[in-house]
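The values are calculated or read from the model by the stated rules, or taken from the named source; none is laboratory data. Only a predicted model underlies this, so the values are computations on that prediction, with no experimental measurement involved. Cβ atoms come from the backbone with ideal geometry, glycine included; neighbour counts cover every protein chain shown. Accessible surface is based on the protein model in full, side chains and every heavy atom, while ligands, DNA and RNA are left aside. Shrake-Rupley method; radii C 1.70, N 1.55, O 1.52, S 1.80 Å.
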Amino acid sequence: MRAAEKVIITTAITGSVNVPSQSPYLPLSADAVAEAALDAIEAGSAIVHLHAREPDGRPTPDPDVFAKIVGRITAETDAVINITTGGASSMTMEQRLAAAMRLRPELASMNMGSMNFVYSGIAEKVTEWKYDWEKPYVLNTYSRPFVNTFDSIEQTLRTLGESGTRFEYECYDIGHLYSLAHFVDKGLAKPPLLIQGVFGILGGIGADHANLEHMVRIADKLFGEDYLFSAFAGGRDQMAFGTHSAWLGGHVRVGLEDSLWIGKGRLAESNAQQVRKIRAVVEDLGKPVATPAEARAMLALRGKES
């Protein structure tokens, strides 16, 4: 792993997992997502990872909604834009790629394998639903896999890669590292690799700190110094895993996509609140936080104006 002299903070603003009934603070409309991203950037986030939603919170792949969000952010900041290609498991691959294909961001997420990606447990915790789409949506994940075939990964690497988009490789298990190594061997995934270790999703690797260290060991074996590592865990383990990643020499990701909480029993009131908390942790470890320009240099991104 390339040890981080400066730590990149990524903020995943809204995602497609959590639903409005879980928190009144989850940004939904395009304007709300853009405002939340701008606040996170001001707090110290160099990268914003973007999903889009309808005003009622339903995840949407609509490129027009993404364009509105991205337009606000790029007009006011120099932050790195990372557009999802994961979308939601209920979307087709064509839908999931639509926004990134149109907007050609500097960075896009890349899920490194098909898996059971289960968050039906949300239905056991919500007692009052705001919208009728929410409960069937989360329950559906118990019976529907999240499909990311090698063919779709290769086609995405080729088509988006041709425009200069680079990738945040989301690895939910150790096998996903080996899948990434396959595409490195084919010359389709090019260093420096940004590997995002994802922990605590039902169907993926558990939020056990030994698993984080194991993922780094295997990544070191496969990629040597050709990768940067970042990590997050879903839900209550978010901050602990960010702290551990930074302590190991890696980078961090926070945001309401990954966790709705700021502390035990306390809902986060904004993405920026989580950014400020992890930034304080990182700086207490004696590590400065990277600016967007510094993140671009570390990740070999093409630059905002290209």
Under Stokes-Einstein, the chain at 25 °C and 0.890 mPa s, with its Kirkwood radius over C-alpha pairs, diffuses with a coefficient in µm²/s of 130 µm²/s
Return a whole-number percent for the relative contact order of the chain, with Cα pairs under 8 Å and 6 or more residues apart as the contact set. 25 percent
With +1 on the Cβ of every Lys and Arg and -1 on the Cβ of every Asp and Glu, and nothing else charged, how large is the dipole of the chain about its Cα centre, in debye rounded to the nearest 20? 180 debye
So the pair-distance distribution of segment 181-306, from every Cα-Cα distance in 5 Å bins, comes to percents of 2, 10, 18, 20, 20, 16, 8, 4, 1, 0
Please give the contour-minus-distance gain from residue 149 to residue 291: 0.36 nm per residue of separation, less the Cα-Cα distance, rounded to one decimal in nm. 47.7 nm
Qualifying GluC sites (Glu not before Pro) in segment 162-191, DSSP loop, other Cβ atoms within 10 Å at most 14: 162
Once phi for every residue in segment 251-264 is put through the Karplus expression 6.51 cos²θ - 1.76 cosθ + 1.60 (θ = phi - 60°), the whole-Hz ³J(HN,Hα) values, with Gly and Pro written as x, are 10, 9, 9, 10, x, 6, 4, 8, 8, 8, 10, 10, x, 4
So which aspartates and glutamates can residue 287 reach, going by Cα to Cα under 19 Å and dropping same-chain residues fewer than 8 places off? 5, 42
Highest mean first, how do 221-227, 271-277 rank when packing is the count of other Cβ atoms within 10 Å averaged over residues? 271-277, 221-227
Alpha-carbon Rg/Rh ratio, for segment 90-182, with Rh computed the Kirkwood way: 1.05
Extreme residue, positive dipole direction of segment 14-65, given options 50, 17, 37 (C-beta unit charges): 17
Between segment 230-306 and segment 61-113, what is the separation of their alpha carbon centroids in Å? 20 Å
For residue 129, net neighbour charge (Lys/Arg +1, Asp/Glu -1) across residues whose Cβ lies under 15 Å away: -1
To the nearest 10 square angstrom, how much accessible area does residue 94 have with a 1.4 angstrom probe? 150 Å²
Sort 116-127, 44-55 for me by packing, meaning the mean count of neighbouring Cβ atoms within 10 Å per residue, highest on top. 44-55, 116-127
Once amide H atoms are built 1.01 Å from N in the peptide plane, which residues 5 or more positions from residue 202, or in another chain, come under 5 Å H to H? 118
